1. With runs of 4+ DSSP H residues as the only contributors, calculate the mean residue ellipticity of chain B at 222 nm using -39,500 (n - 2.57) per run, divided by the residue total and rounded to the nearest 500.
2. Along Cα→Cβ at 7 Å, what distances in nm separate the B:F46 label point from those on the other copies, shortest first?
3. With chain A treated as a Gaussian network of Cα nodes joined by springs under 10 Å, which of A:G137, A:G198, A:G162 yields the largest mean-square fluctuation?
4. Name the residue from A:A164, A:A40, A:M1 whose Cα lies farthest towards the positive end of the charge dipole of chain A, charges +1 on Cβ of Lys and Arg and -1 on Cβ of Asp and Glu.
5. Could you tell me which helices of chain B pass both thresholds, a Cα extent of 18 Å or more along their own axis and a mean Kyte-Doolittle hydropathy of at least 1.0, with helices taken as whole DSSP H runs?
6. Provide A:F258, A:F110 in ascending order of the number of other Cβ atoms located within 10 Å of each residue's Cβ, fewest first.
7. Considering only the label points, 7 Å along Cα→Cβ from Cα, what distances in nm to one decimal separate A:D203 from the same position in each other copy, shortest first?
8. Using the count of nearby Cβ atoms within 10 Å as a rough guide to exposure, how do B:I209, B:I221 rank from fewest to most?
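All of the numbers you see were taken from the coordinates with simple rules; none came from a lab. On a predicted model such as this, the values are computed, not experimentally measured, just so you know. Glycine also receives a Cβ, built like all others from the backbone with ideal geometry; neighbour counts cover every protein chain displayed.
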Protein chains: 2
Amino acid sequence: MQIEEKCMIKEYLKTRKEIVDRFIKEYFSLRSPSTTLHDAMTYSLFAGGKRLRPILTLTSNEACGGEPEKILHYAGAIELIHTYSLIHDDLPSMDDDDLRRGKPSNHKVFGEAMAILAGDALLTEAFTMLSCCQSNGISSASSLRAIYEISHAAGPHGMVAGQAEDILAEESEPNFDTLTFIHKHKTGALITTSVRVGAILADADNSDIESLTEYGNNIGIAFQIMDDILDIEGNTAELGKKTGSDEKKKKLTYPALFGVEQSRKKAYTHIENAIEAISHFSEKAEPLRAIARYIVERNH
Amino acid sequence: MQIEEKCMIKEYLKTRKEIVDRFIKEYFSLRSPSTTLHDAMTYSLFAGGKRLRPILTLTSNEACGGEPEKILHYAGAIELIHTYSLIHDDLPSMDDDDLRRGKPSNHKVFGEAMAILAGDALLTEAFTMLSCCQSNGISSASSLRAIYEISHAAGPHGMVAGQAEDILAEESEPNFDTLTFIHKHKTGALITTSVRVGAILADADNSDIESLTEYGNNIGIAFQIMDDILDIEGNTAELGKKTGSDEKKKKLTYPALFGVEQSRKKAYTHIENAIEAISHFSEKAEPLRAIARYIVERNH
C-alpha cells in the first residue's frame, strides 16, 4: 500500500468513525437515564472502537448508490452488537480478559453481573435502534430484511456459534476445519453482514449483494488472521490488550497452525480475493478496496 | 374463582401452551444443528415453562378480532426472550440459583460460559424469529412496530433495567419506590408488551391498546406479588425451585415490605383493576379475564 493511499484511507476512516460516534452519542443522550447500567453500556461503547463494521455498512451503501446518512441506525446497531459481544467475550467464564482497547474490561470496572447485563442491554437496544425510526425513506420491507440479516449473523447460526465453538476448542488439538468454522462465525458473519446490509438498504441487485458477500467473507478472514498475528507481534500499548494471550490460553489461531509468515500470506490472498470480487464496481467502491488493503497493514 | 371456571381456564391454558410448544419445537427442529449451544438453548426452552407471555399475546390478539395462528412467530419470540432472561438471572454472578422449574439451572448443566451464550443466542434468535416470516398477512409496518415494542420492553428501558436495579438493591433497605421500579421493569414490561403486541398485530385502535396496557400492567404486578408469596409459601416440588430463597438473599419483595396477607390483598386489587380496564371488551376477552383471575389462584 502506497503512503499516499494509506494516508487517505486513514483520513476516510477517521471521518466516518466521527460520524458513527456522533450518531451513537446523540442516540444515547436522548434516551438514556443516568444509571449504573447506562454507565456500563456507554463505558464499552465509547472505549475507542475502530467502528470498522458500521463504516463498512456506510461504505458498502455508498458503493451501491445509497445515501449513507439515511442508514446510520443500521450501522450504529451493528456496532452495539459488536460491543456487546466484546463485553461477554471478556468475562471471567469466557476469555477472562482484564484489558480491552487499553482500558480495564467492563467486568473489571462494573462487576460481572453488571457486565452481563450491559451486554444484554446493548444487544437488545440494537433492535430498538433498528426498528425505531422509519421516517428516513427506507421501506419497512427493507428494514425487516436488514433486521433478519443482522440477527441471523449475530445469533446461534453466526457469531454466538463461533464463540461457543471457540470456548469448546480451547485445549483441543489444532484443526483447520474448526479454526475456519470459528473465524467464519465469530468474526466473519457480522463483518459480512455489515457489508450486505449496506447494499440491501441501497436496494442493490442480488448479483451485487453476492459480490459484496464474497468481499465481506474474504476481508473477515483476513481481519481475523491479522488479529491473531498482532496478538503475537503487536505491543500492548498499540493494541490495547496484552499480547501473547492467545498462546497462553492455547487458543486455536492461524499462526498456531501455519506460523506467522504463512498466515500473513494467506491474509494477503484473501484481500486480493476481496478486491477481485468487486472489480466490476465503479470508482464509488474505491473506499471498499482501500479498506480491504488497509486491513492487512494496520498495527492495532 | 369457581371450580368450573378454574377447570376451564386450566384447560384453555393447556391447549394454548401445546400450540406454542409445537410451534417452537418445529421452528427449532427445522433450523438447528446438533451442537452443545443448541442443546443448551433447548434445554431451558423446553424445561416446563407455563408459556404465560406467548399465551397472553395470542389471547389478546383474539380479543381484538385477530387470528392467533398467524402471529405464532411473535408469541414464540417473546418466550425465547423470557427464557434467555431466566438463564442469565440464574447465573452465579446474578441470583445464583441452582434450580429452575424443578431442574438444574442451565449453568449447572452446561457451565457458565455456555449458559451465557445460550441466553445470548435465544435473545438474538428471537429477532430472527420476528423478522423471518412475512408471508402471513401481517404488514411489514406492523411487524416493525411489534419488534420495536418487544425490544424496548426487553432492553435497558425495560426488563434489563429491572434486573440491574434488582442486583443493586440486594442488601439495601426495603423501599417501595425501588420495589415498584423493579417489578414494573423486570417482570411487568414484558408481560404488558405480550398483551400489547397481540393487539397491535390485530390492528386494534389506540384506545383498546391503552385499555390492554392497563390490563397488562396490573396482571404483571399481581403476577410478581404472587411469585414472591409462593417463594415463601409454596413447596419446592410444586414450584420447581427452592422456597425461601428471596429471604435468604434479602431480596426486596412485597411480602418483605407488607407481609403476606397485605401483599395478597394488593394482588387481588390489581386483578380487579385489570378486569375493570377491559370491561368494555366483548365476550372474546373472556379468556383474558379468566387468566387474570387465575394468576392469583395458581400454586406454581
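1. The helix contribution divided over chain B gives -22000 deg cm²/dmol.
2. B:F46 label point versus its equivalents elsewhere: 4.7 nm.
3. A:G137
4. A:A40
5. Counting only whole DSSP H runs, the qualifying helices are B:112-132.
6. A:F258, A:F110
7. Counterpart label points of A:D203 in the remaining copies fall at 2.5 nm.
8. Going from sparsest to densest Cβ surroundings: B:I209, B:I221.
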